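The values are calculated or read from the model by the stated rules, or taken from the named source; none is laboratory data. If you're wondering where the values come from, they're calculated on a predicted model, not measured in any experiment. Cβ atoms come from the backbone with ideal geometry, glycine included; neighbour counts cover every protein chain shown.
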Amino acid sequence: MELTTHPTVWRTLASLAAVLTVGLLALMYFKWIFLALVLGVALILLAERAAEKYRDQATRYGLSPHTRWVYATAIVLFWGIASYAMLSTSVDDLGFAMQSIAGRDEPMVATYVERLRPYMPNLLAEERLTDEQILEVQRSGLRTVTRFLGDLPGFLANCFLIIPLMFYVYFGKGQELAEGIVEAVPSRFRGSFTRASRTVGSNLRSFFEAKFAESAVVGGICALGFYAAGTKGALALGLVAGLLNIVPYLGPIIGAIPPLWITLAVDEPHVVLYVLLTIVVAQMVDNFYLIPFMISDRIKVNPLLNIILILIGAKLYGAVGMLFAIPIYLVYKTVLRDSYRELVRLHDPSRA
């Protein structure tokens, strides 16, 4: 399609882009509510896909409605109980390790430096950090953790309030709400609006599915590696590493800190080598297989553009911007592209 020169088309597109941007900025201002909404959307899309897969399998094997309900309930209960049992044991082990660390009087970072010194190259071992530098590193880390823990209760409260409501509205009133929204759109734009909505939903679902699969694979590799290394709370630390891996570039680094911290504090220093090896293997699988062959195929974003968008998101909103740069771009791209085509069809048919 050739670019149009019709001023009405470009004025309308500019107004639409401005409305999208204002809405986005308003959501980003209430960061934790925005994160809860995005998490709710991701869970809804994943739950919908899981339900579709289950219905397809149930239809394939000719299960009755009652049998489908029984099997679905049994599957959810089994995985819920199994996950709780495994995670509770891992969290308990992690808690004991944290209590052991908290009971020590000496600065943690200083302890790590002294324990690792025999394993460092001579040049690094000769460099002596001052006590003030060591304490500053420790204070900086504690400030970051404290800030995160201070924000966490508010985020969880938003999730418990917003996400169940989103599930009720989507699965209970979704069809009625969608029909009402479509009816409110002028008749000449309804076809384009419906297509754009479906495309946005499909793109977002593909993105969240790909990131969920990536997180599950990386978290699984880390959990197995940490368990083999004998790290306390291996499953919980693997889960944290997988979840943080969702954040591009920065997430894997942050996810590596807890297992290294725990291992250095309560295990022999050489055990950290196994933890490091696990993290390196997980990142190699992620960067050389998952991202090129799974993530890129699903979201269909040019690799160079992907990097640029993530860098812009990081500059504007830090880790949150890095995480949501791609889905926000997909929404903008779909809405503006479909709107442009519809506006050209109405105002400049010769270019359509």
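Pairs are defined by a Cβ separation below 7 Å, a sequence spacing of at least 6 or placement on different chains, a first member in region 190-207 that is touching a residue at least 12 places away in the same chain (Cβ under 8 Å), and a second member that is surrounded by 18 or more Cβ atoms within 10 Å (Cβ to Cβ) and hydroxyl-bearing (Ser, Thr, Tyr); the pairs so defined are ALA196/THR334; THR199/THR334; VAL200/THR334; ASN203/THR334. Candidates TYR289, TYR340, TYR317: the one that is among the aromatic types (Phe, Trp, Tyr), in contact with a Ser or Thr (Cβ under 9 Å, 6 or more places away or on another chain) and either more than 30 Å from TRP32 (Cβ to Cβ) or at pLDDT below 85 (or both) is TYR340.
Being surrounded by 19 or more Cβ atoms within 10 Å (Cβ to Cβ), hydroxyl-bearing (Ser, Thr, Tyr) and at negative phi is a condition met by no residue of region 298-320. Per the conditions (1) buried (at least 22 other Cβ atoms within 10 Å of the Cβ); (2) within 29 Å of LYS315 (Cβ to Cβ), the sole criterion not satisfied by PRO258 is (1). Summed over region 208-235, residues that are free of Cβ contacts under 8 Å to residues at least 24 places away in the same chain and either surrounded by 18 or more Cβ atoms within 10 Å (Cβ to Cβ) or in contact with a Lys or Arg (Cβ under 7 Å, 6 or more places away or on another chain) (or both) total 1. Go over the candidates ALA51, ALA47 one by one and state the one that is under 23 Å from VAL331 (Cβ atoms), out of contact with any Asp or Glu (no Cβ under 8 Å at 6 or more places or on another chain) and at pLDDT 85 or above. Going through ALA51, ALA47 in turn, the sole match is ALA47. When GLU268 is tested against (1) modelled with pLDDT of 80 or more; (2) at negative phi, exactly one condition is not met: (1). Just wondering, is there one or more residues in region 236-245 that are closer than 16 Å to VAL91 by Cα, of a type in the set (S, T, N, Q) and in contact (Cβ under 8 Å) with a residue 24 or more places away in the chain? The answer is no, given that none of the residues of region 236-245 is closer than 16 Å to VAL91 by Cα, of a type in the set (S, T, N, Q) and in contact (Cβ under 8 Å) with a residue 24 or more places away in the chain.
When region 64-92 is filtered for residues that are closer than 12 Å to LEU235 by Cβ, in contact with a helix residue (DSSP H, G or I) (Cβ under 8 Å, 6 or more places away or on another chain) and not hydroxyl-bearing (Ser, Thr, Tyr), the ones remaining, listed by number, are MET86, LEU87, VAL91.
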